[in-house]
Amino acid sequence: MKRTILTGILALVAGVALLMAQAAPPAPAGQAAPAAPAGPHPKSAEETTALRAWLAAQNSRDPDAIIKTAEDVMAKFPDTEYKEGVLSTEAMAYKMKGDAVKEQVAWGRVLEASPNSVPGNLEMGGLIAKQTGPKDLDRDEQLAKGEKYLNTAIAGIKAQQANPALAATAQAQLKQSDAEAHKNLAFIGLTRASANKDADPKKFDQAISEMKIAADEDPAQTAYQAQLAAILHQAGKNAESLAVCNKILAQADLNPAIKSYVENVAKEDGGPAAAK
């Protein structure tokens with residue numbers, strides 16, 4: 001799972017657990033019910049039971065259990081105030097199972113419940129960026145949708161980052177999410193460039209600028225740097241590409257797959273790549 005998305009969803013789940021722990025107990029017979037707690041809360045004992053089963057499934061890390069308990073909550077309590085969190089965990093469970101079709105459907109349900117959901121928009125935009133090819137008949141429509149989702153996610157991230165009370169760890173996680181959004185925008189730009197048969201190298205500008213942002217914001221993601229080198233090579237910017245390759249290959253403990261990939265890009269750039 002993607003670390004930043006998972007962290008955000010786990011924060012939602014933790015918030016549900018905390019609110020439920022703070023929920024007032026039912027009133028004894030003959031007494032008035034206590035006031036409902038502030039914020040989201042279960043509306044009945046039955047909903048509380050279903051939500052507790054869903055929370056327990058998160059600890060099991062069993063995607064089938066997460067999906068089942070999430071569906072149980074939504075089937076019995078479609079208006080639950082925890083809808084975004086419940087559906088988000090279901091979407092991530094489908095991601096764990098490698099079922100991109102059902103994952104996309106689940107994220108669609110998240111966005112129906114919460115159109116500005118950062119995880120929902122980030123994941124939907126990412127799925128579209130990966131799945132849309134340069135020869136697809138609906139390419140332009142799909143890429144426009146993907147851009148809209150990703151830009152909505154970025155706007156939501158910026159709004160959260162503006163909170164001066166936000167912890168440093170949360171700020172760092174949001175920066176990683178922002179990097180992921182720009183990486184996916186780079187893929188959208190690359191698909192457009194690949195579909196454009198003109199010789200103009202400027203057609204790669206969007207992909208290059210977006211991937212540079214991603215690599216700068218999350219330098220620990222060596223894959224972003226490798227992807228930047230490859231895009232620069234495709235754009236005919238071999239000297240810039242080789243410089244990025246050599247920077248990557250100078251790193252210690254480089255992932256073997258990334259190392260092999262970058263060495264190949266460097267060779268195509270006319271290397272030699274830096275020895276490491």
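Just so you know, all these numbers are worked out from the coordinates, no wet-lab data involved. This is a predicted model, so every value here is computed, not measured. Ideal geometry is used to build each Cβ from the backbone, glycine not excepted, and the neighbour counts take in all protein chains shown.
Answer rounded, prolate or oblate for the range 165-276, using the Cα gyration tensor with square roots of eigenvalues a ≥ b ≥ c: rounded when a/c is under 1.5, else prolate when a/b is larger than b/c, else oblate.
On the way: a/c = 2.68, a/b = 1.19, b/c = 2.26.
Judged from the Cα gyration tensor, the range 165-276 comes out oblate (a/c at least 1.5, b/c at or above a/b).
Could you sort the peptides 213-220, 118-125 by per-residue average Cβ neighbour count (10 Å cutoff), highest mean leading?
Details: 213-220: 17.5, 118-125: 26.4.
In descending order of packing, they fall as 118-125, 213-220.
Within 10 Å, count the other beta carbons around each residue, average over each peptide in 129-138, 176-185, and list them highest first. Mind dumping the intermediate values first?
Details: 129-138: 13.7, 176-185: 24.6.
Ranking, from highest mean packing down: 176-185, 129-138.
Give the peptides 67-76, 251-260 in descending order of average Cβ contacts within 10 Å, highest first. Show your work: numbers first, answer last.
On the way: 67-76: 18.3, 251-260: 11.2.
In descending order of packing, they fall as 67-76, 251-260.
Note the full-extension length gain between Leu137 and Asn59 as 0.36 nm times their separation in residues minus their Cα-Cα distance, in nm to one decimal. Don't jump to the answer; show the numbers that get you there.
Details: separation 78, 0.36 × 78 = 28.08 nm, distance 4.25 nm.
Length gained, Leu137 through Asn59: 23.8 nm.
Taking the dipole about the Cα centre of the range 149-229, with the C-beta of Lys and Arg at +1 and of Asp and Glu at -1, give me whichever of Ala199, Leu150, Ala220 is farthest to the positive side.
It is Ala199, whose Cα lies furthest towards the positive end.
Quick one: Cα centre-to-centre distance for the range 238-272 and the range 194-224, in angstrom?
16
For the range 44-148, give the magnitude of the charge dipole about the Cα centre (Cβ charges: +1 Lys/Arg, -1 Asp/Glu; no others), in debye to the nearest 20. Each step should come with its number before you reach the end.
On the way: 14 positive and 19 negative charges, 64 e Å.
About 300 debye.
Between the alpha-carbon centers of the range 49-113 and the range 121-139, tell me the distance in whole angstrom.
If we compute the Cα centre of each part, the gap is 23 Å.
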